[in-house]
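Notes follow the structure.
The values are calculated or read from the model by the stated rules, or taken from the named source; none is laboratory data. Because the structure is a prediction, the values reported are computed rather than measured. With ideal geometry, Cβ positions are generated from the backbone for all residues, glycine too; neighbour counts draw on all protein chains shown.
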Amino acid sequence: MKNSIIKIIAVLSIACGIAQGQVVSGPAVAADPAVSGSDNGGELVLNGFVLSINGDAISSYDIIEKTRSRLEAIGTDNYRKFYTQAYTVIRETVMADIYDLLMYQYSMHDMERNEFDDQIIERAKLKRKKEIIRDHGGNEPITHEELKKAGTSMDAELDKYIRRMIISGYKEVFFSADQSVSRLEVMDYYESNKDKYTNKARMQFRLIELEGGAREQAQSLLARLQSGEDFGKLAEEYSSDWRAGQGGLWNELDPQSIKKLYVPVVEELLKLSPGALTPIVESEGKLYIARLESYSPSSVKQLSEVQEEIRRDILEMRWVEYTEQLSAKLLERAVIGDIDHFIAGTIYTAWKKMGGREELEIIDSEGN
(Lines give C-alpha, C1' and ligand atoms only; values in the text may rest on other atoms or scores of the structure.)
Protein backbone atom coordinates (compact mmCIF):
# COMPACT_ATOMS: atom_id res chain seq x y z
CA MET A 1 0.00 0.00 0.00
CA LYS A 2 2.81 2.41 0.80
CA ASN A 3 4.18 2.17 -2.74
CA SER A 4 0.80 2.99 -4.25
CA ILE A 5 0.38 5.95 -1.91
CA ILE A 6 3.81 7.24 -2.85
CA LYS A 7 2.84 7.03 -6.55
CA ILE A 8 -0.25 9.11 -5.84
CA ILE A 9 1.46 11.84 -3.87
CA ALA A 10 4.47 12.02 -6.22
CA VAL A 11 2.52 14.28 -8.55
CA LEU A 12 2.00 17.11 -6.10
CA SER A 13 3.90 20.37 -6.52
CA ILE A 14 7.46 21.06 -5.36
CA ALA A 15 6.02 24.25 -3.84
CA CYS A 16 4.28 22.00 -1.33
CA GLY A 17 7.46 20.09 -0.63
CA ILE A 18 6.56 17.13 -2.87
CA ALA A 19 8.34 15.87 -5.98
CA GLN A 20 6.44 16.47 -9.23
CA GLY A 21 5.46 13.86 -11.83
CA GLN A 22 2.41 12.45 -13.54
CA VAL A 23 0.50 9.19 -13.21
CA VAL A 24 -1.98 8.22 -15.88
CA SER A 25 -4.93 6.25 -14.48
CA GLY A 26 -7.04 6.28 -17.66
CA PRO A 27 -8.65 9.00 -19.76
CA ALA A 28 -9.42 12.28 -18.14
CA VAL A 29 -12.75 13.90 -18.99
CA ALA A 30 -13.89 13.34 -22.54
CA ALA A 31 -16.41 15.55 -24.29
CA ASP A 32 -20.11 14.70 -24.39
CA PRO A 33 -22.85 15.76 -26.80
CA ALA A 34 -24.07 18.47 -24.47
CA VAL A 35 -20.67 20.13 -24.47
CA SER A 36 -19.19 19.78 -27.91
CA GLY A 37 -21.53 17.67 -29.99
CA SER A 38 -19.11 14.72 -30.19
CA ASP A 39 -20.55 11.43 -31.39
CA ASN A 40 -18.88 9.22 -28.76
CA GLY A 41 -20.72 10.63 -25.78
CA GLY A 42 -23.18 7.76 -25.50
CA GLU A 43 -20.47 5.21 -24.74
CA LEU A 44 -18.85 7.52 -22.23
CA VAL A 45 -22.14 8.13 -20.48
CA LEU A 46 -22.72 4.39 -20.31
CA ASN A 47 -19.31 3.80 -18.74
CA GLY A 48 -19.30 6.95 -16.64
CA PHE A 49 -17.07 10.01 -16.69
CA VAL A 50 -13.84 10.16 -14.73
CA LEU A 51 -11.83 13.17 -13.59
CA SER A 52 -8.14 12.41 -13.06
CA ILE A 53 -6.51 14.20 -10.10
CA ASN A 54 -2.82 13.54 -9.62
CA GLY A 55 -3.31 9.98 -10.84
CA ASP A 56 -6.27 9.41 -8.56
CA ALA A 57 -9.82 9.96 -9.75
CA ILE A 58 -13.41 10.85 -8.95
CA SER A 59 -16.27 9.54 -11.06
CA SER A 60 -19.49 11.03 -12.30
CA TYR A 61 -21.44 8.23 -10.62
CA ASP A 62 -19.98 9.12 -7.21
CA ILE A 63 -21.06 12.72 -7.69
CA ILE A 64 -24.53 11.74 -8.91
CA GLU A 65 -25.18 9.46 -5.94
CA LYS A 66 -24.22 12.22 -3.52
CA THR A 67 -26.60 14.67 -5.17
CA ARG A 68 -29.33 12.31 -6.37
CA SER A 69 -32.22 13.59 -4.23
CA ARG A 70 -31.55 17.21 -5.20
CA LEU A 71 -31.20 16.33 -8.88
CA GLU A 72 -34.36 14.19 -8.96
CA ALA A 73 -36.31 17.17 -7.62
CA ILE A 74 -35.41 19.15 -10.77
CA GLY A 75 -37.07 16.75 -13.23
CA THR A 76 -35.87 15.66 -16.66
CA ASP A 77 -38.53 17.12 -18.97
CA ASN A 78 -36.17 19.79 -20.33
CA TYR A 79 -32.38 19.44 -20.58
CA ARG A 80 -31.56 23.16 -20.53
CA LYS A 81 -33.62 23.59 -17.37
CA PHE A 82 -31.98 20.50 -15.84
CA TYR A 83 -28.49 21.71 -16.78
CA THR A 84 -29.06 25.19 -15.39
CA GLN A 85 -30.43 24.04 -12.04
CA ALA A 86 -28.09 21.06 -11.64
CA TYR A 87 -24.92 23.00 -12.44
CA THR A 88 -24.47 24.66 -9.03
CA VAL A 89 -25.28 21.45 -7.16
CA ILE A 90 -22.87 19.36 -9.21
CA ARG A 91 -20.07 21.93 -9.23
CA GLU A 92 -20.17 22.41 -5.45
CA THR A 93 -19.98 18.65 -4.92
CA VAL A 94 -17.20 18.16 -7.48
CA MET A 95 -15.06 20.93 -5.98
CA ALA A 96 -15.62 19.61 -2.45
CA ASP A 97 -14.48 16.15 -3.57
CA ILE A 98 -11.44 17.59 -5.35
CA TYR A 99 -10.36 19.56 -2.29
CA ASP A 100 -10.98 16.53 -0.08
CA LEU A 101 -8.85 14.33 -2.34
CA LEU A 102 -6.03 16.89 -2.58
CA MET A 103 -5.99 17.27 1.21
CA TYR A 104 -5.87 13.50 1.57
CA GLN A 105 -2.94 13.22 -0.83
CA TYR A 106 -1.08 16.02 0.91
CA SER A 107 -1.82 14.61 4.37
CA MET A 108 -0.77 11.13 3.29
CA HIS A 109 2.54 12.53 2.06
CA ASP A 110 3.37 13.97 5.47
CA MET A 111 2.21 10.84 7.25
CA GLU A 112 4.44 8.74 4.95
CA ARG A 113 7.33 11.05 5.60
CA ASN A 114 6.91 10.37 9.30
CA GLU A 115 6.70 6.58 8.89
CA PHE A 116 2.94 6.28 9.21
CA ASP A 117 2.41 2.58 9.89
CA ASP A 118 0.69 0.81 6.99
CA GLN A 119 -0.71 -1.71 9.44
CA ILE A 120 -2.69 1.02 11.15
CA ILE A 121 -4.59 1.60 7.91
CA GLU A 122 -5.33 -2.10 7.46
CA ARG A 123 -6.55 -2.46 11.05
CA ALA A 124 -8.72 0.64 10.68
CA LYS A 125 -10.25 -0.69 7.45
CA LEU A 126 -11.01 -4.04 9.05
CA LYS A 127 -12.63 -2.39 12.06
CA ARG A 128 -14.71 -0.09 9.85
CA LYS A 129 -15.77 -3.00 7.65
CA LYS A 130 -17.08 -4.86 10.68
CA GLU A 131 -18.99 -1.73 11.78
CA ILE A 132 -20.59 -1.33 8.33
CA ILE A 133 -21.66 -4.99 8.28
CA ARG A 134 -23.02 -4.70 11.82
CA ASP A 135 -25.02 -1.60 10.83
CA HIS A 136 -26.62 -3.66 8.04
CA GLY A 137 -27.76 -6.47 10.29
CA GLY A 138 -24.53 -8.46 10.48
CA ASN A 139 -24.94 -10.17 7.11
CA GLU A 140 -22.02 -9.46 4.76
CA PRO A 141 -23.67 -10.49 1.44
CA ILE A 142 -26.74 -8.38 2.26
CA THR A 143 -24.46 -5.50 3.21
CA HIS A 144 -22.78 -5.62 -0.22
CA GLU A 145 -26.17 -5.69 -1.95
CA GLU A 146 -27.50 -2.74 0.03
CA LEU A 147 -24.36 -0.72 -0.61
CA LYS A 148 -24.67 -1.49 -4.32
CA LYS A 149 -28.29 -0.31 -4.32
CA ALA A 150 -27.11 2.90 -2.67
CA GLY A 151 -24.65 3.46 -5.52
CA THR A 152 -21.54 2.63 -3.53
CA SER A 153 -19.48 -0.38 -2.45
CA MET A 154 -17.56 -1.67 0.54
CA ASP A 155 -14.23 -0.66 -1.03
CA ALA A 156 -15.52 2.85 -1.76
CA GLU A 157 -16.84 3.28 1.79
CA LEU A 158 -13.58 2.03 3.29
CA ASP A 159 -11.55 4.35 1.04
CA LYS A 160 -13.65 7.33 2.16
CA TYR A 161 -13.19 6.31 5.78
CA ILE A 162 -9.41 6.02 5.42
CA ARG A 163 -9.24 9.42 3.72
CA ARG A 164 -11.07 10.99 6.63
CA MET A 165 -8.81 9.17 9.07
CA ILE A 166 -5.63 10.31 7.30
CA ILE A 167 -6.77 13.93 7.13
CA SER A 168 -7.79 13.82 10.79
CA GLY A 169 -4.42 12.31 11.69
CA TYR A 170 -2.59 15.02 9.78
CA LYS A 171 -4.69 17.66 11.52
CA GLU A 172 -3.81 16.30 14.95
CA VAL A 173 -0.13 15.61 14.29
CA PHE A 174 0.97 18.41 11.98
CA PHE A 175 -1.55 21.17 12.67
CA SER A 176 -3.25 21.11 16.07
CA ALA A 177 -0.12 20.02 17.92
CA ASP A 178 1.69 23.18 16.80
CA GLN A 179 -1.19 25.53 17.58
CA SER A 180 -1.53 27.50 20.78
CA VAL A 181 -4.55 29.54 21.81
CA SER A 182 -3.91 32.40 24.20
CA ARG A 183 -6.06 33.23 27.18
CA LEU A 184 -6.89 36.58 25.57
CA GLU A 185 -8.16 34.84 22.39
CA VAL A 186 -10.38 32.60 24.50
CA MET A 187 -11.79 35.57 26.43
CA ASP A 188 -12.43 37.59 23.26
CA TYR A 189 -14.22 34.66 21.64
CA TYR A 190 -16.29 34.10 24.80
CA GLU A 191 -17.41 37.73 24.96
CA SER A 192 -18.28 37.80 21.26
CA ASN A 193 -20.28 34.56 21.38
CA LYS A 194 -22.07 34.63 24.72
CA ASP A 195 -25.36 33.62 23.12
CA LYS A 196 -23.74 30.33 22.23
CA TYR A 197 -22.93 29.68 25.88
CA THR A 198 -26.26 30.77 27.33
CA ASN A 199 -28.64 28.24 28.84
CA LYS A 200 -32.14 29.26 27.83
CA ALA A 201 -34.85 29.63 30.41
CA ARG A 202 -37.00 26.54 30.94
CA MET A 203 -40.61 26.43 32.15
CA GLN A 204 -43.22 23.75 32.74
CA PHE A 205 -46.83 24.37 33.67
CA ARG A 206 -50.35 22.96 33.69
CA LEU A 207 -53.13 24.70 31.80
CA ILE A 208 -56.93 24.74 31.70
CA GLU A 209 -58.43 26.31 28.57
CA LEU A 210 -62.06 27.44 28.34
CA GLU A 211 -64.14 29.31 25.79
CA GLY A 212 -64.30 33.06 26.25
CA GLY A 213 -67.95 33.05 27.29
CA ALA A 214 -67.36 30.63 30.16
CA ARG A 215 -66.14 33.17 32.71
CA GLU A 216 -68.45 31.94 35.49
CA GLN A 217 -67.17 28.41 34.98
CA ALA A 218 -63.60 29.73 35.01
CA GLN A 219 -64.20 31.54 38.30
CA SER A 220 -65.71 28.38 39.79
CA LEU A 221 -62.75 26.26 38.67
CA LEU A 222 -60.25 28.79 40.01
CA ALA A 223 -61.99 28.74 43.39
CA ARG A 224 -61.91 24.94 43.45
CA LEU A 225 -58.21 24.94 42.57
CA GLN A 226 -57.48 27.50 45.27
CA SER A 227 -59.26 25.28 47.76
CA GLY A 228 -56.88 22.45 46.91
CA GLU A 229 -58.63 20.31 44.28
CA ASP A 230 -56.39 18.38 41.90
CA PHE A 231 -55.44 20.52 38.88
CA GLY A 232 -54.84 17.50 36.66
CA LYS A 233 -58.27 16.00 37.25
CA LEU A 234 -60.07 19.29 36.65
CA ALA A 235 -58.04 19.85 33.47
CA GLU A 236 -58.98 16.40 32.18
CA GLU A 237 -62.66 17.08 32.86
CA TYR A 238 -63.08 20.69 31.76
CA SER A 239 -60.14 21.90 29.61
CA SER A 240 -60.46 22.18 25.82
CA ASP A 241 -56.68 22.29 25.44
CA TRP A 242 -55.28 19.27 23.55
CA ARG A 243 -53.13 18.39 26.58
CA ALA A 244 -56.19 17.90 28.76
CA GLY A 245 -55.66 14.13 28.60
CA GLN A 246 -52.28 14.65 30.32
CA GLY A 247 -53.87 16.66 33.11
CA GLY A 248 -53.11 19.88 31.26
CA LEU A 249 -49.36 19.33 31.68
CA TRP A 250 -47.19 20.98 29.01
CA ASN A 251 -43.73 19.72 28.13
CA GLU A 252 -40.87 21.82 29.44
CA LEU A 253 -40.17 24.71 27.08
CA ASP A 254 -38.36 27.99 26.57
CA PRO A 255 -40.93 30.65 27.54
CA GLN A 256 -39.54 32.93 24.84
CA SER A 257 -40.51 30.43 22.15
CA ILE A 258 -44.19 30.12 23.03
CA LYS A 259 -46.93 31.06 20.56
CA LYS A 260 -48.37 34.55 20.75
CA LEU A 261 -51.71 33.17 21.99
CA TYR A 262 -50.11 32.00 25.24
CA VAL A 263 -47.84 34.98 25.90
CA PRO A 264 -50.27 36.57 28.44
CA VAL A 265 -50.35 33.25 30.32
CA VAL A 266 -46.57 33.03 30.43
CA GLU A 267 -46.32 36.64 31.61
CA GLU A 268 -48.48 35.75 34.59
CA LEU A 269 -46.55 32.54 35.26
CA LEU A 270 -43.25 34.45 35.36
CA LYS A 271 -44.58 36.34 38.40
CA LEU A 272 -45.14 33.13 40.38
CA SER A 273 -43.28 30.54 42.37
CA PRO A 274 -43.67 26.83 41.51
CA GLY A 275 -47.06 25.52 42.65
CA ALA A 276 -48.82 28.89 42.44
CA LEU A 277 -51.89 29.61 40.28
CA THR A 278 -52.43 32.42 37.82
CA PRO A 279 -55.59 34.49 37.86
CA ILE A 280 -58.00 33.95 34.97
CA VAL A 281 -56.17 35.09 31.82
CA GLU A 282 -58.02 36.12 28.66
CA SER A 283 -56.32 35.88 25.26
CA GLU A 284 -57.74 35.82 21.74
CA GLY A 285 -61.24 34.76 22.81
CA LYS A 286 -60.08 32.06 25.26
CA LEU A 287 -59.88 31.92 29.05
CA TYR A 288 -56.95 30.27 30.83
CA ILE A 289 -55.97 29.18 34.29
CA ALA A 290 -52.40 27.92 34.74
CA ARG A 291 -50.22 26.55 37.49
CA LEU A 292 -46.45 26.85 37.41
CA GLU A 293 -44.72 23.51 37.85
CA SER A 294 -41.10 24.57 37.46
CA TYR A 295 -39.00 27.44 36.15
CA SER A 296 -35.27 27.88 35.53
CA PRO A 297 -34.14 31.32 34.37
CA SER A 298 -31.62 31.72 31.58
CA SER A 299 -27.99 31.68 32.60
CA VAL A 300 -24.63 32.20 30.94
CA LYS A 301 -22.09 29.42 31.37
CA GLN A 302 -18.95 30.48 33.17
CA LEU A 303 -15.81 30.86 31.08
CA SER A 304 -14.17 28.11 33.10
CA GLU A 305 -16.92 25.70 31.95
CA VAL A 306 -16.44 26.35 28.24
CA GLN A 307 -12.82 27.38 27.75
CA GLU A 308 -11.79 23.98 26.33
CA GLU A 309 -14.75 24.05 23.94
CA ILE A 310 -13.75 27.57 22.88
CA ARG A 311 -10.18 26.48 22.30
CA ARG A 312 -11.43 23.67 20.03
CA ASP A 313 -13.69 26.10 18.16
CA ILE A 314 -10.80 28.49 17.55
CA LEU A 315 -8.57 25.66 16.34
CA GLU A 316 -11.33 24.43 14.04
CA MET A 317 -11.71 27.90 12.50
CA ARG A 318 -7.97 28.06 11.94
CA TRP A 319 -8.03 24.58 10.39
CA VAL A 320 -10.82 25.54 7.98
CA GLU A 321 -8.93 28.67 6.93
CA TYR A 322 -5.69 26.71 6.59
CA THR A 323 -7.23 23.94 4.47
CA GLU A 324 -9.02 26.44 2.22
CA GLN A 325 -5.76 28.24 1.49
CA LEU A 326 -3.76 25.02 1.11
CA SER A 327 -6.38 23.40 -1.13
CA ALA A 328 -6.39 26.42 -3.42
CA LYS A 329 -2.59 26.17 -3.77
CA LEU A 330 -2.75 22.42 -4.35
CA LEU A 331 -5.42 22.89 -7.00
CA GLU A 332 -3.26 25.40 -8.87
CA ARG A 333 -0.39 22.90 -9.03
CA ALA A 334 -2.28 19.64 -9.43
CA VAL A 335 -2.16 17.46 -12.53
CA ILE A 336 -5.87 17.46 -13.18
CA GLY A 337 -8.35 16.86 -16.00
CA ASP A 338 -10.81 19.38 -17.41
CA ILE A 339 -13.10 20.22 -14.50
CA ASP A 340 -15.66 22.11 -16.58
CA HIS A 341 -16.04 19.26 -19.06
CA PHE A 342 -16.31 16.77 -16.20
CA ILE A 343 -19.08 18.80 -14.59
CA ALA A 344 -20.94 19.08 -17.91
CA GLY A 345 -20.48 15.37 -18.55
CA THR A 346 -21.71 14.51 -15.07
CA ILE A 347 -24.82 16.65 -15.55
CA TYR A 348 -25.54 14.90 -18.84
CA THR A 349 -24.93 11.47 -17.27
CA ALA A 350 -27.28 12.33 -14.41
CA TRP A 351 -29.94 13.51 -16.86
CA LYS A 352 -29.71 10.24 -18.82
CA LYS A 353 -29.69 8.05 -15.70
CA MET A 354 -32.80 9.80 -14.43
CA GLY A 355 -34.76 9.25 -17.61
CA GLY A 356 -33.97 12.23 -19.84
CA ARG A 357 -34.70 11.38 -23.48
CA GLU A 358 -35.32 14.52 -25.52
CA GLU A 359 -33.09 15.51 -28.46
CA LEU A 360 -30.22 17.58 -27.08
CA GLU A 361 -29.38 21.09 -28.10
CA ILE A 362 -25.71 22.02 -27.89
CA ILE A 363 -24.86 23.59 -24.52
CA ASP A 364 -21.38 24.75 -23.64
CA SER A 365 -19.74 24.36 -20.22
CA GLU A 366 -21.28 27.64 -19.06
CA GLY A 367 -24.80 26.59 -19.99
CA ASN A 368 -25.06 28.74 -23.16
ask   = Which ones in the range 75-93 are of a type outside the set (Val, Ile, Thr) and in a loop (DSSP other than H, G, I, E, B)?
value = 75, 77, 78
ask   = Which of the following residues is outside any strand (DSSP E or B), among the hydroxyl-bearing types (Ser, Thr, Tyr) and over 19 Å from residue 211 (Cβ atoms): 273, 294?
value = 273
Residue under evaluation residue 242, criteria (1) assigned to a loop (DSSP other than H, G, I, E, B); (2) touching a Pro at 6+ places or on another chain (Cβ under 7 Å); (3) hydrophobic (A, V, I, L, M, F, W, C), criterion not met = (2)
task = Just need a number here: residues in the range 68-96 that are surrounded by fewer than 18 Cβ atoms within 10 Å (Cβ to Cβ) and β-branched (Val, Ile, Thr).
result = 2
request  = Considering only the range 282-329, state which residues are touching a residue at least 60 places away in the same chain (Cβ under 8 Å) and hydrophobic (A, V, I, L, M, F, W, C).
outcome  = 287, 289, 290, 292, 300, 303, 306, 310, 314, 315, 319, 326
task = Determine if the range 250-261 includes at least one residue that is surrounded by 17 or more Cβ atoms within 10 Å (Cβ to Cβ) and farther than 30 Å from residue 190 by Cα.
result = yes
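Yes/no per residue for (1) small (Gly, Ala, Ser); (2) closer than 18 Å to residue 187 by Cα; (3) exposed (fewer than 15 other Cβ atoms within 10 Å of the Cβ):
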{"residue": "272", "(1), (2), (3)": "no, no, no"}
{"residue": "279", "(1), (2), (3)": "no, no, yes"}
{"residue": "291", "(1), (2), (3)": "no, no, no"}
{"residue": "298", "(1), (2), (3)": "yes, no, yes"}
{"residue": "302", "(1), (2), (3)": "no, yes, yes"}
{"residue": "311", "(1), (2), (3)": "no, yes, no"}
{"residue": "315", "(1), (2), (3)": "no, yes, no"}
{"residue": "327", "(1), (2), (3)": "yes, no, no"}
Positions within the range 206-247 being of a type in the set (S, T, N, Q), within 25 Å of residue 273 (Cβ to Cβ) and surrounded by 11 or more Cβ atoms within 10 Å (Cβ to Cβ), in sequence order = 219, 220, 239, 246
remark   = Within the range 121-173, restricting to residues that are touching a residue at least 60 places away in the same chain (Cβ under 8 Å) and in contact with a Phe, Trp or Tyr (Cβ under 7 Å, 6 or more places away or on another chain), the one that is farthest from residue 58 (Cα to Cα) is 171
query = Can residue 158 be described as out of contact with any His (no Cβ under 7 Å at 6 or more places or on another chain), surrounded by fewer than 12 Cβ atoms within 10 Å (Cβ to Cβ), at pLDDT 85 or above and assigned to a helix (DSSP H, G or I)?
reply = no
message = Only one of 96, 177 is on the phi < 0 side of the Ramachandran plot, at pLDDT 85 or above, of a type in the set (Gly, Ala, Ser) and part of a helix (DSSP H, G or I). Can you tell me which?
response = 96
query = Name the residues in the range 145-155 that are more than 15 Å from residue 125 (Cα to Cα) and either exposed (fewer than 15 other Cβ atoms within 10 Å of the Cβ) or among the hydrophobic types (A, V, I, L, M, F, W, C) (or both), would you?
reply = 145, 147, 148, 149, 150, 151
Only one of 123, 164 that is under 25 Å from residue 67 (Cα atoms), at pLDDT below 90 and not hydrophobic (A, V, I, L, M, F, W, C) = 164
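The rows are residues; the columns are (1) at pLDDT 90 or above; (2) in contact with a Pro (Cβ under 8 Å, 6 or more places away or on another chain); (3) farther than 19 Å from residue 91 by Cα; (4) not β-branched (Val, Ile, Thr).
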site: 315; (1), (2), (3), (4): no, no, yes, yes
site: 320; (1), (2), (3), (4): no, no, yes, no
site: 326; (1), (2), (3), (4): no, no, yes, yes
site: 334; (1), (2), (3), (4): no, no, no, yes
site: 338; (1), (2), (3), (4): no, no, no, yes
site: 343; (1), (2), (3), (4): yes, no, no, no
task = List the number of the failed condition for residue 138; all other conditions in (1) of a type outside the set (Asp, Glu); (2) modelled with pLDDT of 90 or more; (3) in a helix (DSSP H, G or I) hold.
result = (3)
ask   = Right, residue 237: assigned to a helix (DSSP H, G or I) and either in contact with a helix residue (DSSP H, G or I) (Cβ under 9 Å, 6 or more places away or on another chain) or more than 28 Å from residue 198 (Cβ to Cβ) (or both) or not?
value = yes
key: Verdict on residue 198 being touching a residue at least 12 places away in the same chain (Cβ under 8 Å), surrounded by fewer than 13 Cβ atoms within 10 Å (Cβ to Cβ) and β-branched (Val, Ile, Thr)   = yes
inquiry  = Looking at the range 335-352 only, could you name the residues that are touching a Leu at 6+ places or on another chain (Cβ under 6 Å) and not in a loop (DSSP other than H, G, I, E, B)?
reply    = 342, 350
